[in-house]
Amino acid sequence: MLKGFNLPLILFLGSKFRSTQSFLHSSPSIDSNSYASSTALQMKIIDSHLHVWASSAESATYPYAPEQTPPDSLIDTSSTSSLLDQMSKAGVDGALIVQPINHKYDHRYVTDALKGHPDKFKGILLFDPSESDPDAALARFEELVLQGYVGVRFNPYLFEGKMCENEAAVKIFKRCAELKFPVGIMCFKGIDLHYEDIESLCDTSPETVVVLDHFGFASVENQDQFEKVLSLKNRNTVVKISALFRLGDPGAPKYERVRTERFEPLLEAYGPDRLMFGTDFPFVTQEEIGYQGAVDTVLSWMSSPEEKSAVMGGTAERLFGVWGVN
């Protein structure tokens, strides 16, 4: 029995463990035992990065965090029902909901979405770095795990200092290795601001899987930042092929520079089993590419069924569990 766990948590995790593996020293190529290879003929499309929040009417029950009211253009088009409609039209089988900043650390809206649609949704919780008591932070983390969350997000812009210097964050980062829970990191202003911090976190727990959102936020105009993303292949990292519109490619909606200068080098360096597709709903709906277009575009970048299976859903299912099971 793992020290510090209560029995309900152990029983829950026993049914939820995923076949997550360390990516350290792994080959970027697909081998015969690859998850993607074994499921190429039954490919699922899993949207591994998106957000939902309460509509203006629902906000009476699920209030927004102070100064985090969604923009008028999205406030009533970003609910669970809006997402399900987009997924149905685009043929997307499941979604990984990342707790939105609009509700900050109040996870009730996303939790109710997970409970209401367990076959469609899994969730990523948002770590609260303001909790100074590591034990209290761990208790809150475990409480959310019991509510069905399958990973945690570290938003470095919510930390007062470095992530690696936050005692509670380090404790949870280490526990995530034991639980096989990936840790997503959002480098919104560029990975160069957080590269050393991420390296230090990885040093504390090399077996913890780190997920870099949105290509590591390496703009097509900044090759130095992208080199840092590529160098993290030597860590236990996965990269989300998500939010194509955030990389500064003026060639929307085809995003040829994103394909040739970001996706293809990542595919070569990391391999398809360490990349996973995401849309960044609802923000993608305001772009020319749209939700359906984001799905179709990334699919069109690959010819191999094995690559498509891994990037479009296989990697997400290996990391977070199988979708379509209540």
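The values are calculated or read from the model by the stated rules, or taken from the named source; none is laboratory data. No experiment lies behind these values; they were computed from the predicted model shown. Neighbour counts are summed over all protein chains in view; Cβ atoms, including those assigned to glycine, are modelled from backbone coordinates with ideal geometry.
Does any residue of segment 84-91 turn out to be under 16 Å from the mean Cα position of the chain (by Cα) and either charged (D, E, K, R) or within 23 Å of GLN68 (Cβ to Cβ) (or both)? Among the residues of segment 84-91, not one is under 16 Å from the mean Cα position of the chain (by Cα) and either charged (D, E, K, R) or within 23 Å of GLN68 (Cβ to Cβ) (or both), which makes the answer no. For segment 186-215, residues that are within 17 Å of GLY151 (Cβ to Cβ) and either hydroxyl-bearing (Ser, Thr, Tyr) or in contact with a helix residue (DSSP H, G or I) (Cβ under 6 Å, 6 or more places away or on another chain) (or both) total 6.
Table: residues versus (1) assigned to a helix (DSSP H, G or I); (2) without any contact (Cβ under 8 Å) to a residue 60 or more places away in the chain.
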{"residue": "PRO206", "(1), (2)": "no, no"}
{"residue": "SER219", "(1), (2)": "no, yes"}
{"residue": "GLN225", "(1), (2)": "yes, yes"}
{"residue": "VAL229", "(1), (2)": "yes, yes"}
{"residue": "LEU232", "(1), (2)": "yes, yes"}
{"residue": "VAL239", "(1), (2)": "no, yes"}
{"residue": "THR260", "(1), (2)": "yes, yes"}
{"residue": "PRO265", "(1), (2)": "yes, yes"}
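The set of residues from segment 241-258 being part of a helix (DSSP H, G or I) and more than 29 Å from GLY321 (Cβ to Cβ) comprises GLU256, ARG257. In this structure, GLU268 does not qualify as of a type in the set (D, E, K, R) and farther than 23 Å from MET43 by Cα. Determine whether segment 293-307 contains at least one residue that is surrounded by 24 or more Cβ atoms within 10 Å (Cβ to Cβ), within 21 Å of the chain's Cα centre (by Cα) and farther than 19 Å from LYS228 by Cα. Scanning segment 293-307, I find at least one residue that is surrounded by 24 or more Cβ atoms within 10 Å (Cβ to Cβ), within 21 Å of the chain's Cα centre (by Cα) and farther than 19 Å from LYS228 by Cα, so the answer is yes.
Picking from residues in segment 107-137 that are aromatic (Phe, Trp, Tyr) and farther than 13 Å from GLU167 by Cα, the one that is nearest to the chain's Cα centre (by Cα) is PHE121.
Considering each residue of segment 159-167 in turn, none proves to be assigned to a loop (DSSP other than H, G, I, E, B), of a type in the set (A, V, I, L, M, F, W, C) and touching a Phe, Trp or Tyr at 6+ places or on another chain (Cβ under 6 Å). For first residues located in segment 33-62 and at pLDDT below 95, partners that are surrounded by fewer than 18 Cβ atoms within 10 Å (Cβ to Cβ) and lie 6+ apart or on another chain with Cβ distances below 7 Å form the pairs ALA40/PRO305.
Just wondering, is there one or more residues in segment 68-80 that are touching a residue at least 60 places away in the same chain (Cβ under 8 Å), closer than 16 Å to GLN292 by Cβ and surrounded by 13 or more Cβ atoms within 10 Å (Cβ to Cβ)? Checking segment 68-80: at least one residue is touching a residue at least 60 places away in the same chain (Cβ under 8 Å), closer than 16 Å to GLN292 by Cβ and surrounded by 13 or more Cβ atoms within 10 Å (Cβ to Cβ).
The sole residue among GLY148, GLY123, GLY91 that is on the phi > 0 side of the Ramachandran plot and either surrounded by 17 or more Cβ atoms within 10 Å (Cβ to Cβ) or at pLDDT below 95 (or both) is GLY148.
Checking each residue in segment 284-301 for being part of a helix (DSSP H, G or I) and aliphatic (A, V, I, L, M) picks out VAL284, ALA294, VAL295, VAL298, LEU299. Please tell me if ASP192 is surrounded by fewer than 20 Cβ atoms within 10 Å (Cβ to Cβ), assigned to a loop (DSSP other than H, G, I, E, B) and in contact (Cβ under 8 Å) with a residue 24 or more places away in the chain. No.
Please go through segment 132-189 and pick out each residue that is closer than 25 Å to GLY216 by Cβ, of a type in the set (D, E, K, R) and touching a residue at least 60 places away in the same chain (Cβ under 8 Å). Within segment 132-189, just LYS180 meets the criteria. Within segment 286-297, can one find any residue that is closer than 24 Å to PHE173 by Cβ and touching a strand residue (DSSP E or B) at 6+ places or on another chain (Cβ under 7 Å)? Within segment 286-297 (the criterion being closer than 24 Å to PHE173 by Cβ and touching a strand residue (DSSP E or B) at 6+ places or on another chain (Cβ under 7 Å)), the answer is no, since none of the residues qualifies.
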